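The values are calculated or read from the model by the stated rules, or taken from the named source; none is laboratory data. Since the model is a prediction, treat every value here as computed from it, not as a measurement. When we count neighbours, we look across all protein chains shown, and the Cβ atoms used for this are built from the backbone with ideal geometry, even at glycine.
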Amino acid sequence: MDFINTYCRENHGDLPKMNLENYDINLCNDCLDLAKYAIKRREFCPKDPKPACKKCSTPCYAPKYKEKIRKVMRFSGMYYIKKGRLDYIYKYFR
């Protein structure tokens, strides 16, 4: 949820926010919809342990959400790296 929260905060700062249940974050409607979808997909993932989505043999995201989550991950990953979270570079190349 950190990546979606960061993306929303940095790109949709002026839009009205709603609270995501069971999480202490506020998201716009689009990001809230994406977060709920991601939570649902994660809960029903048949893999244990769950692999990174880019390495998974059975993709579970619908095309509409797949492109949205890629955009969020790309933006937030670079945002964290620029802010000094170099551990994300390591995670990317694993």
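Remarks
- Scanning the stretch 17-32 for any residue that is among the basic types (K, R) and in contact with a Leu (Cβ under 7 Å, 6 or more places away or on another chain) turns up at least one such residue.
- Residue in the stretch 18-65 that is surrounded by the fewest Cβ atoms within 10 Å (Cβ to Cβ), counting only those that are assigned to a loop (DSSP other than H, G, I, E, B) and hydroxyl-bearing (S, T, Y): S57
- Verdict on A52 being on the phi < 0 side of the Ramachandran plot and modelled with pLDDT of 90 or more: no
- Taking each residue of the stretch 20-36 that is in contact (Cβ under 8 Å) with a residue 24 or more places away in the chain and looking for partners that are among the polar types (S, T, N, Q) with beta-carbon atoms closer than 6 Å, six or more apart or interchain, yields I25/N5.
- Residues of the stretch 3-19 satisfying the condition of being closer than 27 Å to C56 by Cα and in contact with a strand residue (DSSP E or B) (Cβ under 6 Å, 6 or more places away or on another chain): C8
- Within the stretch 15-29, the only residue that satisfies the criterion of being among the acidic types (D, E) and within 26 Å of R85 (Cα to Cα) is D24.
- Of all the residues in the stretch 69-78, those that are under 16 Å from R42 (Cα atoms) and surrounded by 15 or more Cβ atoms within 10 Å (Cβ to Cβ) number 2.
- Some residue of the stretch 58-74 being touching a Ser or Thr at 6+ places or on another chain (Cβ under 8 Å) and at pLDDT below 85: no
- Candidates in the stretch 1-17 are the residues that are loosely packed, with under 12 Cβ neighbours inside 10 Å and outside any loop (DSSP other than H, G, I, E, B); of these, the one that is nearest to the chain's Cα centre (by Cα) is D2.
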